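What follows is a set of notes on a single structure, which appears directly below.
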Amino acid sequence: MRIVFVASEVVPFAKTGGLADVCGTLPLALERLGHEIIVIMPRYSGIAAEKFIPGRVSTSGLGQGIKVYFIENKKFFDRPHIYGGAEGDYPDSLERFSFFCHEALRLLKDLKEPVDIIHCHDWQTGLLPLLVKKDAEADSFFQKTRVVLTLHNLAYQGVFPKGQYSKLGIGTGMFNEEGVEFHGKINLLKAGILFSDLVTTVSPGHAREIVTSEFGYGLEELLRQKKGCLVGILNGLDYDQWNPQTDPLIQPNYSDKDWLAKKILKKKLQSAFKLPSFGDIPIFGFVSRLCYQKGIDLFESAFESLMERPIQVVLQGVGEDKYQKIVQRLAKKYPQKFSALIKYDESLAHLVFAGSDFLLMPSVYEPCGLTQMIALRYGTVPIASYVGGLADTIVDLSEGALKGNGIVMPSYSVSGLLESMDRATGFFHQKDKMNALVTHAMSLRWTWDISAKRYIECYEECLK
Ligand code: ADP
Ligand code: GLC
């Protein structure tokens, strides 16, 4: 099969979160299954490409033979951020990403050989399914091509005022229920869902959630109509990239047979976050985009009670101004116990995963979550809410030593978080149990191979 991935972020070229991890590593697994993969993404500032078609596209590589095409446009993509800074998305986001979709379509046609599957990701590529279907009405090029859209985060839908319609470049007659309109506004994710042959999301649990009003973010009815064409496939993790034994970003390295080095890394972590190293107390790490989804509000509500306890918490993240300010304010209050670094930093994130005892993930919703899988690989035990992909991957310790791999919050509440963190602390001090848990955590694998096969089955189903 010839499969093209179209996405706004892809590791190792550009990343703000798990979307990039998925779009840079699932193609590798699909390639291993013998398929031909092409990746298309914007060329943001700082991306070094190997070859250029001046002003339009440049290319690089991934895996054995995956060609990555970068859509060029200095005005739109040569900026300090991928989507925008702490104040929010850039005001011309509609233009930036509709340009990207139009250019992706043009590039695919320029490549001459039709592809079987165009796999789009999130609202930034929401216009592309519509463009492909409209093109196929007039031209044979895309007639056999099928379009798949993966929903990584339904809360971000690419909603813009009606007044921006002309900038979409789709002519007249599409600002309606059968087009891009939703509740009087342009909604690019809605258009993507409508025009795709198959919609997927990133865990089976989240696929069940998004057809409900609690998690559907207004799109539940439309998603319910998709029924047979809505599938949840759990994300995998690239265990070559996330391997404490070979990770160049942590020193010393350690393995699942001998992870004593975690103690040294804990000290390094305390030092990086300017926390004192006192007594034998657990450290809870938090690595996250700072936004509503990740449960910063709950953390803030629980904060004073948490700080009464014999623990330390380190938080690393960037995101919305509101949450950055909350975190910075909290960090001033108990400098010996809570420290936060407001930055996107790959090396530091690896140190938090390796040096912490527990990882906090009190997400309000979590389509899949890779952070808990990464933490487990580094022998750091997750504490998480029971939603989406977290519920699909984390088994509470009460299920017994062979099954349990983390702590599931009994309720989404301050008391639920405190109770879970107290359980964690209790566990931390029962050394034998804690050691067995760390060993078990490090042995767990959610590899891409299984999920990649599932994607292929779904692609094949679409092509029938
Ligand atoms: P989401 O995609 O919702 O942000 P995931 O858990 O799927 O959540 O993936 C988050 C990814 O982004 C992980 O690879 C995590 O390590 C990384 N990450 C998040 N925040 C930071 C940060 N401040 N610095 C470095 N990496 C980060
Ligand atoms: C999103 C989700 C996260 C998921 C990631 C990759 O950003 O918030 O849960 O793991 O995409 O699919």
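Here are the numbers for the structure shown:
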read-out: Test: residue in segment 25-33 that is within 14 Å of ligand 1 (Cβ to nearest atom), crowded, with 18+ Cβ neighbours inside 10 Å and not aliphatic (A, V, I, L, M); value: yes
read-out: Matching strands (runs of 3 or more DSSP E) fully within segment 107-218 where at least 3 residues are away from ligand 1 (no atom under 16 Å from the Cβ); value: 117-121, 146-151, 185-187
read-out: Some residue of segment 255-263 being open to solvent by 30 Å² or more (accessible area, probe 1.4 Å), in contact (Cβ under 8 Å) with a residue 40 or more places away in the chain, of a type outside the set (A, V, I, L, M, F, W, C) and not assigned by TED's automatic domain parsing to the domain that holds ALA20; value: yes
read-out: Output for segment 316-359, where each listed residue is within 16 Å of ligand 2 (Cβ to nearest atom) and open to solvent by 20 Å² or more (accessible area, probe 1.4 Å); value: VAL318, GLY319, GLU320, TYR344
read-out: Residue that is assigned by TED's automatic domain parsing to the domain that holds VAL22, of a type in the set (Asp, Glu), open to solvent by 10 Å² or more (accessible area, probe 1.4 Å) and in contact (Cβ under 8 Å) with a residue 60 or more places away in the chain, where the choices are ASP116, ASP89; value: ASP116
read-out: Qualifying residue in segment 451-464 (condition: open to solvent by 40 Å² or more (accessible area, probe 1.4 Å), among the aromatic types (Phe, Trp, Tyr) and either more than 23 Å from TRP242 (Cβ to Cβ) or under 26 Å from the mean Cα position of the chain (by Cα) (or both)); value: no
read-out: Tally of residues being within 22 Å of the chain's Cα centre (by Cα) and in a helix (DSSP H, G or I) across segment 52-92; value: 1
read-out: Top-ranked residue in segment 366-387 [being in contact with a Phe, Trp or Tyr (Cβ under 6 Å, 6 or more places away or on another chain) and more than 19 Å from SER443 (Cβ to Cβ); ranked as farthest from ligand 2 (Cβ to nearest atom)]; value: ILE383
read-out: Selection from segment 396-426 of residues that are open to solvent by 40 Å² or more (accessible area, probe 1.4 Å) and touching a residue at least 12 places away in the same chain (Cβ under 8 Å); value: ALA401, LEU402, TYR412, VAL414, ASP422, ARG423
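The values are calculated or read from the model by the stated rules, or taken from the named source; none is laboratory data. None of the values given here were measured: they were computed from a predicted structure. Because the Cβ atoms are built from the backbone with ideal geometry, glycine has one as well, and the counts that use them run over all protein chains shown. SASA here: full protein model, heavy atoms, side chains in, ligands and nucleic acids out. Shrake-Rupley method; radii C 1.70, N 1.55, O 1.52, S 1.80 Å.
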